[in-house]
Amino acid sequence: IQPRAPRTPSSYYKPPSLFMSFPTSSNHKLLKMENPIWQNPHFFPLLLTCTFFLFPLQPSLSAGLQDDYIRQPPGKVVVAPHLRSKSDPQQVHASLAGKEYMRISWVTDEKDVASKVEYGKVSGKYEAMAVGNHTSYIHHVKIGPLEPATTYYYRCGGHSPEFSFRTPPQNFPIEFVVVGDLGQTEWTASTLSHVDSKDYDVFLLPGDPSYADTQQPLWDSFGRLVEPYASRRPWMVTEGNHEIETFPIIYPHGFKAYNARWLMPYQESGSTSNLYYSFDVAGSHIIMLGSYTDFDEDSVQYKWLESDLRKVDRKKTPWVIVLLHAPWYNTNLAHKGEGESMRKAMEDLLYRARVDVVFAGHVHAYERFVTFIYITIGDGGNREGLALMFENPTPEVSVYREPSFGHGRLRVVDESRAHWSWHRNNDSDPFVADEVWLQSLTTTKSCWHNTANTDGSKSKVNKDEL
């Protein structure tokens, strides 16, 4: 049987006009440039980057999966141009920064723009102001205290345009969107459009946001691409392998651009590194771990995690959710075993703390396991395409797996129930391909009486171990 030709994203998704295509006379007006685009000093770096990534291979159908659905090919890289003045904020995004506080981050071309945010509950009326700091052209300002479930209007650096965000609720229910390996392709735009079609409270990203890979203009382009979404809801991210960006002698330690641009509340959570941290929101404790920094029992991250889990009061915070990049469980042939050493080092900590669900990225496919609840969701829209090859036959612990682009939603209904759904990018609308109801382990009596030792035997555990 001859399979149908895969549909391309452009056959049903029209990218917004802020995406830049390379030079034709018709797009000079779009870019607001009187001179030819190749005279722009950023043209050749962008051309080099995009030339490398614009011609993905067309994947074949994955064996063992349904024949009536065509797997999506990787989409072309989209580049979002800068159309504002040098002093205007761009790449604006919000993140949670401790109880009742948010951090607003942005970039300006000019280095002497004030690092301040004016904000209020009424559009155009800014009753409060906070001052932060900046490193070169990157600004961070922590604002608050803020009221829960409230819309605030704000502007950065004393300049328009006006932005707005809504703070998460104080109590259940709360809805998280989970997207891994987002990138900046046509599929990224489709994923974000689908995410935005339904409301949510917090965006969680387990690594590989921009796929800049040392191409710094792509960090800027990514920031502009996600600004319409990340400026309106808090985005909480952790790093992936594409953020390492080391260079011998000059940048031996990596993550310089990631740490500068995406400052997360690591200090507020007692961490000493932006690569791992935690935060509380509406009865949920979210832990973002670093797959690409030390994690063995003698490491700072391990000791921080041990301490962080010990502080969680499950009566007040019944849900504990962990995100990391390299999955600990994986039946896909891509990146097989890359998270195993971290799993061996840290899984017992998560098990003894009754962590409810673990999300990972890295593998460009979706997969859900029954061990704990492990979910791989590295299918946001990366430029490398999908990971099509799974082990055959399917192991019993893998209950659903599919190499398609998409996003997930975790709606925590109350202290005991949460609904997880994975939405495949399908034509113009997202399609719910997998869903399951979760029960918090704090309300599952069997989890309070027995846990498994590493050798598989049973051992008694009491509630004090939480």
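The values are calculated or read from the model by the stated rules, or taken from the named source; none is laboratory data. It should be emphasised that the depicted structure is a prediction, and the values quoted were computed from it without experimental measurement. Note: ideal-geometry Cβ built from the backbone for every residue, glycine included; neighbour counts use all protein chains shown. Accessible surface areas use protein heavy atoms only, side chains included; no ligands, DNA or RNA. Shrake-Rupley method; radii C 1.70, N 1.55, O 1.52, S 1.80 Å.
On inspection, residue 399 fails the criterion of being in contact with a strand residue (DSSP E or B) (Cβ under 7 Å, 6 or more places away or on another chain), closer than 23 Å to residue 173 by Cβ and at pLDDT 95 or above. Summed over region 331-348, residues that are surrounded by 17 or more Cβ atoms within 10 Å (Cβ to Cβ) and not β-branched (Val, Ile, Thr) total 10.
The rows are residues; the columns are (1) modelled with pLDDT of 95 or more; (2) farther than 17 Å from residue 218 by Cα; (3) under 23 Å from the mean Cα position of the chain (by Cα).
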position: 72; (1), (2), (3): no, yes, yes
position: 78; (1), (2), (3): no, no, yes
position: 81; (1), (2), (3): no, no, yes
position: 86; (1), (2), (3): no, yes, no
position: 107; (1), (2), (3): yes, no, yes
position: 112; (1), (2), (3): no, yes, no
position: 120; (1), (2), (3): yes, yes, no
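Checking region 147-154 against the condition returns a match, with at least one residue being open to solvent by 50 Å² or more (accessible area, probe 1.4 Å), at positive phi and not in a strand (DSSP E or B). Looking across region 86-120, not a single residue is closer than 13 Å to residue 162 by Cβ and open to solvent by 80 Å² or more (accessible area, probe 1.4 Å).
Listed by first and then second residue, the pairs with beta-carbon distance under 9 Å, at least 6 apart or on different chains, first residue in region 160-172 and over 30 Å from residue 86 (Cβ atoms) and open to solvent by less than 30 Å² (accessible area, probe 1.4 Å), second assigned to a loop (DSSP other than H, G, I, E, B) and of a type in the set (A, V, I, L, M, F, W, C), are 167/146; 167/149; 168/149; 168/282; 169/149; 169/282. Which of the residues spanning region 254-272 are open to solvent by 10 Å² or more (accessible area, probe 1.4 Å), outside any loop (DSSP other than H, G, I, E, B) and not basic (Lys, Arg)? 257, 259, 260, listed by residue number.
Is it the case, given these coordinates, that residue 360 is surrounded by 20 or more Cβ atoms within 10 Å (Cβ to Cβ), within 20 Å of residue 314 (Cα to Cα) and in contact (Cβ under 8 Å) with a residue 40 or more places away in the chain? Judged against the criteria, residue 360 is not a match.
The set of residues from region 279-309 being closer than 23 Å to residue 178 by Cβ, of a type outside the set (Phe, Trp, Tyr) and either in a loop (DSSP other than H, G, I, E, B) or open to solvent by 40 Å² or more (accessible area, probe 1.4 Å) (or both) comprises 280, 282, 283, 289, 290, 291, 293.
Is one or more of the residues making up region 182-192 at pLDDT 95 or above, surrounded by fewer than 22 Cβ atoms within 10 Å (Cβ to Cβ) and either in contact with a strand residue (DSSP E or B) (Cβ under 7 Å, 6 or more places away or on another chain) or assigned to a strand (DSSP E or B) (or both)? No; the residues of region 182-192 include none that is at pLDDT 95 or above, surrounded by fewer than 22 Cβ atoms within 10 Å (Cβ to Cβ) and either in contact with a strand residue (DSSP E or B) (Cβ under 7 Å, 6 or more places away or on another chain) or assigned to a strand (DSSP E or B) (or both).
The residues of region 193-220 that are in a loop (DSSP other than H, G, I, E, B), open to solvent by 30 Å² or more (accessible area, probe 1.4 Å) and of a type in the set (Gly, Ala, Ser) amount to a single one, 197.
Entry remark, region 238-253: residues being assigned to a strand (DSSP E or B) and either free of Cβ contacts under 8 Å to residues at least 60 places away in the same chain or surrounded by fewer than 22 Cβ atoms within 10 Å (Cβ to Cβ) (or both) number 2 in total. Among the residues of region 378-435, write down those that are of a type in the set (Phe, Trp, Tyr) and open to solvent by 10 Å² or more (accessible area, probe 1.4 Å). Within region 378-435, 390, 400, 431 qualify. Screening region 122-146 for residues that are buried (at least 17 other Cβ atoms within 10 Å of the Cβ) and not in a loop (DSSP other than H, G, I, E, B) and picking the one that is modelled with the lowest pLDDT gives 134. Filtering region 310-328 to residues that are open to solvent by less than 60 Å² (accessible area, probe 1.4 Å) and more than 23 Å from residue 209 (Cβ to Cβ) leaves 312, 314, 317, 318, 319, 320.
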